[in-house]
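Reviewing the structure listed below.
The values are calculated or read from the model by the stated rules, or taken from the named source; none is laboratory data. Owing to the predicted nature of the structure, the values given are computational and were not obtained by experimental measurement. Methodologically, a virtual Cβ is constructed for each residue, glycine included, from the backbone with ideal geometry; neighbour enumeration extends over all protein chains shown.
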Amino acid sequence: MRKVIGIGETVYDIVFKGGQPSAAVPGGSTFNSMISIGRCGIQADFLSEVGDDHVGSIIRDFMVENGVDPGFVNILSSKTPLSLAFLDEKNDATYTFYRDPVSERPDFILPSIEPGDIVLFGSFYALNPACRPQVKRFLEYAKASGAILYYDVNFRPSHVKDLGNIGNALWENLSLADVVRGSHEDFRTLFGIEDAVVVYEEKIKPRCGNFICTFGADPLKLFASNGFRGEYPVAPVKTVSTIGAGDSFNAGFIYGLVKEDITLEALQGGLSVSEWDTVIGFAQRFSASCCQSSFNYITPALAATLRL
């Protein structure tokens, strides 16, 4: 079976509701996606960093329990980052992060990558000058190895102050990617543009043919390399927490690529409408599952029905 390799930050999320802590779970954007993927029985390798502390041990144990290989996680001589997530009345979250400064980041041990494997990357971790050399080296290796690269932009307003420091990293990421996903809020923050058509035509299409723009509870828009454009409504659900909803969407999309045996060549040439319907359907199903729980991933019950 094809494998999925993720690269990104790992944090420990402490979730607050009504001013009181209600949950504490391992998190991080790509991490959340990889847990959902591992629960579905797909080989999942994750490149990341944790501190040499009790929280770091909890996170690595959690990875093992959920089918994600912790062997590519570097253990740093610092504390594992913490994220405080505050849910509002709509169960949407705002975040405060606590991180120790990291003086030195060792290179990652790279997993073997075969043609058709899938690489997930994104968020500020994929742009951060502090780890950009390691990230870029890995992405270029994955691209040369024939992997499918899925880029989740996920650029939060708290990082606006860092835009002047990322150099060409954003454009490099878009050019390396075979699929780009982002929310209208990401592109409003990055470019001051929320119109998905304008974002695609001016920013994405010159670099990557396949683009998904999400709008929360409103229909998402799909732009494909073969010229197909689709719009997919979002089914209403009773939301417990939106933390991890986008990450679960990414996991479901990647699950669909694996289950339907969709190749890099197929993505580049253009999928059929029915293929897009299928992979977007899985993405939305995973996202809905996450929203209906207090955790950052699809439920074990759903994963058990989908294991490959």
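Things to note:
- Any chance ASP13 is touching a residue at least 40 places away in the same chain (Cβ under 8 Å), outside any loop (DSSP other than H, G, I, E, B) and of a type outside the set (A, V, I, L, M): yes
- Of ARG181, ARG99, ARG137, all but one fail to be at pLDDT 95 or above, out of contact with any helix residue (DSSP H, G or I) (no Cβ under 7 Å at 6 or more places or on another chain) and not small (Gly, Ala, Ser); the exception is ARG137.
- The condition (being in a helix (DSSP H, G or I), of a type in the set (Ser, Thr, Tyr) and modelled with pLDDT of 95 or more) is satisfied by just one residue among SER158, SER175: SER175.
- Any strands (runs of 3 or more DSSP E) falling wholly within the range 204-251 and containing at least 3 residues that are hydroxyl-bearing (Ser, Thr, Tyr) and surrounded by fewer than 23 Cβ atoms within 10 Å (Cβ to Cβ): none
- For the range 1-58, a residue qualifies if it is within 30 Å of LEU264 (Cα to Cα) and among the acidic types (Asp, Glu), and the qualifying residues are GLU9, ASP45, GLU49.
- Test for ILE42: is it in contact (Cβ under 8 Å) with a residue 40 or more places away in the chain, within 23 Å of THR299 (Cα to Cα) and either outside any loop (DSSP other than H, G, I, E, B) or of a type in the set (Phe, Trp, Tyr) (or both): no
- Only a single criterion out of (1) surrounded by fewer than 17 Cβ atoms within 10 Å (Cβ to Cβ); (2) within 30 Å of ALA177 (Cα to Cα) is not satisfied by ARG39, namely (1).
- Selected residue (criterion: surrounded by the most Cβ atoms within 10 Å (Cβ to Cβ)) from residues of the range 59-84 that are free of Cβ contacts under 8 Å to residues at least 24 places away in the same chain and touching a Pro at 6+ places or on another chain (Cβ under 7 Å): ARG60
- Scope the range 110-138; condition touching a Leu at 6+ places or on another chain (Cβ under 8 Å), within 17 Å of SER175 (Cα to Cα) and in a loop (DSSP other than H, G, I, E, B); matching residues: LEU127
- A search for C-beta distances below 6 Å between a residue of the range 179-208 that is within 19 Å of ALA224 (Cβ to Cβ) and any residue that is charged (D, E, K, R), counting only pairs 6+ apart in sequence or on different chains, returns ARG181/ASP152; HIS184/GLU194; ALA196/LYS221.
- Of all residues in the range 263-284, those that are surrounded by fewer than 19 Cβ atoms within 10 Å (Cβ to Cβ), in a helix (DSSP H, G or I) and modelled with pLDDT of 95 or more total 9.
- Taken over the range 85-96, the criterion of being modelled with pLDDT under 85 and surrounded by 14 or more Cβ atoms within 10 Å (Cβ to Cβ) is satisfied by ASN91, ASP92, ALA93.
- Some residue of the range 252-260 being in contact (Cβ under 8 Å) with a residue 40 or more places away in the chain and farther than 17 Å from LEU149 by Cβ: yes
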